Amino acid sequence: MPEQKDQKHGLVIIHTGDGKGKTTAALGIAVRAAGYKMKVLILQFVKGSWKYGEMNGVKMLAPYVEMKQLGKGFVGIIDDKLPFEEHVKKAEEALAEAKEWILKNEHRIIILDEINVALGLRLLKVEQVLNLIKSKPPQMHLVLTGRNAPPELIEAADLVTEMKEIKHPYRKGILAQRGIDF
Ligand code: ATP
Ligand code: MG
């Protein structure tokens, strides 16, 4: 085991991969931290990606855990009629808002849920997210979720977990289950 460094080391954590559990694991971090009365902020990058289960569940962890949707979000990117530039603008607004929260330094942990999706859709540039990470106060943990985390982000992170799909009931035609998927 390497020599123990400072105990309060703010980590950059990534949950990526195409298997289920990226957001679930981030919520697990929030539950665990709430047990220490740590303040956790969960920021939603893609509108509509949260389900009633977590929205209401997190309210029971108030005032330690809080969930917010950033800006207006960007939704239905594939099927809505907004021009691409409008989505970029919204994604950049969301990023700026996330940065404000990070710089305020009121939370011990900030979760940027589905931020990788915005990168994957090229609504944000990886440099912008790298800058966001660099602006993090030293003791703050930052969690970034979403499929296809780019290699530059993985390089910049301290802890990276790839969820790998072994089996998913969806393949058998079993629909999303309450309490598990939403
Ligand atoms: P969860 O929120 O359940 O932890 P996730 O964050 O890993 O999932 P997302 O890419 O955010 O995955 O997808 C969100 C939705 O898609 C969830 O309802 C989840 O159950 C479903 N999902 C995730 N992975 C798969 C998969 N491999 N096949 C089918 N559906 C999936
Ligand atoms: Mg997710």
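The values are calculated or read from the model by the stated rules, or taken from the named source; none is laboratory data. Just so it is clear, the model here is predicted, and its values are computed rather than measured. Cβ placement follows ideal geometry from the backbone for every residue including glycine, while neighbour counts extend to all protein chains displayed. These area figures cover heavy atoms from the full protein model, side chains too; ligands, DNA and RNA do not enter into them. Shrake-Rupley method; radii C 1.70, N 1.55, O 1.52, S 1.80 Å.
Remarks
- Total charge dipole magnitude, the chain, about the Cα centre, Cβ charges on Lys, Arg, Asp, Glu only, Debye to nearest 20: 580 debye
- Highest to lowest packing among 170-181, 145-156, scored as the average C-beta count within 10 Å: 145-156, 170-181
- Full-stretch length increase - Q177, N105 - with 0.36 nm per residue and alpha-carbon distance subtracted: 22.3 nm
- Rg over Rh [alpha-carbon atoms, Kirkwood Rh] for the chain: 0.96
- Mean accessible surface per residue for the range 12-164, computed with a 1.4 Å probe while every protein chain stays in place, in Å²: 52 Å²
- Summary value for the range 12-164: 40 percent relative contact order, contacts being C-alpha pairs under 8 angstrom separated by 6+ residues.
- Note on the range 12-164: with neighbouring protein chains present and a 1.4 Å probe, carbon and sulfur make up 56 percent of its accessible heavy-atom surface.
- Within the full protein context, the accessible area of L121 is estimated at about 60 Å² for a probe radius of 1.4 Å.
- Over the chain: helical MRE at 222 nm, DSSP H runs n ≥ 4 each giving -39500 (n - 2.57), nearest 500: -10500 deg cm²/dmol
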